[in-house]
Amino acid sequence: MNELRDLYQEVILDHNHRPRNFRQVAPATHHAKGFNPLCGDQVEIWLNIQDGIIKDIGFTGKGCAISTASASLMTEALRGKSVKEALELFETVRTLATTDIPPMNAAGKLSVLAGVRQFPTRVKCATLPWHTLTAALKEQEKTISTEEE
């Protein structure tokens with residue numbers, strides 16, 4: 001268990017200190033804003049989707065280490081994936097973060113997000129970028145909030 005906790009901390013710290021794809025995407029075909037009032041996290045997701053495939057994805061905003069790392073991990077995992085695959089990964093991450101039963105298809109670095117289960121107040125930090133992603137895919141204009149889930 002200590003090895004998993006160490007990996008969780010290492011990956012979270014790495015992606016927080018050096019977030020991948022921290023930028024606006026131009027041109028963006030999809031965009032959404034998210035806010036976690038309990039932690040103060042703010043995130044914007046920018047996507048360029050062509051023929052149902054995420055050609056480019058980026059994020060901007062400010063937040064805690066877990067929120068920033070989750071957004072960074074998300075952008076790495078989703079580039080080149082279909083919209084359907086992106087929505088499936090959202091469900092995987094939500095399951096990882098909120099249940100003790102890891103989903104069968106969880107793989108790679110996203111598995112470290114299971115570590116937030118140990119810190120229930122941080123689950124919304126980890127899932128905010130993913131909820132914002134779904135808002136972008138659904139082309140919702142209203143800023144999503146973790147308190148409206």
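Since every read-out is calculated from the coordinates, none of them should be taken as a lab result. No experiment lies behind these values; they were computed from the predicted model shown. Every residue, glycine as well, gets a Cβ built from its backbone with ideal geometry; the counts of neighbours run over all protein chains shown.
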Of ALA97, ALA32, ALA135, the only residue that is touching a residue at least 60 places away in the same chain (Cβ under 8 Å) and in a helix (DSSP H, G or I) is ALA135
Going through the range 69-88 in order, the residues found to be within 14 Å of LEU128 (Cβ to Cβ) and small (Gly, Ala, Ser) are ALA69, SER70, ALA71, SER72
Scanning the range 43-69 residue by residue, those of a type in the set (S, T, N, Q) and touching a Pro at 6+ places or on another chain (Cβ under 9 Å) turn out to be ASN48, SER67, THR68
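Taking the condition over 22 Å from ASN21 (Cα atoms) and crowded, with 21+ Cβ neighbours inside 10 Å, does ALA97 pass? Steps first, please.
Values: over 22 Å from ASN21 (Cα atoms): yes; crowded, with 21+ Cβ neighbours inside 10 Å: yes.
Against the criterion (over 22 Å from ASN21 (Cα atoms) and crowded, with 21+ Cβ neighbours inside 10 Å), ALA97 qualifies.
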Picking from VAL25, VAL11, the residue that is outside any helix (DSSP H, G or I) and at negative phi would be VAL25
Every listed condition ((1) outside any loop (DSSP other than H, G, I, E, B); (2) more than 17 Å from GLN9 (Cβ to Cβ); (3) of a type in the set (D, E, K, R)) holds for LYS109 save (2)
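Identify the residue in the range 43-82 that is closer than 14 Å to ASN16 by Cα and free of Cβ contacts under 8 Å to residues at least 40 places away in the same chain and, among all such residues, is surrounded by the fewest Cβ atoms within 10 Å (Cβ to Cβ).
Going through the range 43-82, the residues closer than 14 Å to ASN16 by Cα turn out to be 43, 59-76.
Checking the rest, the ones that are also free of Cβ contacts under 8 Å to residues at least 40 places away in the same chain come to 60-62.
On the way: THR60: 17, GLY61: 19, LYS62: 10.
That would be LYS62.
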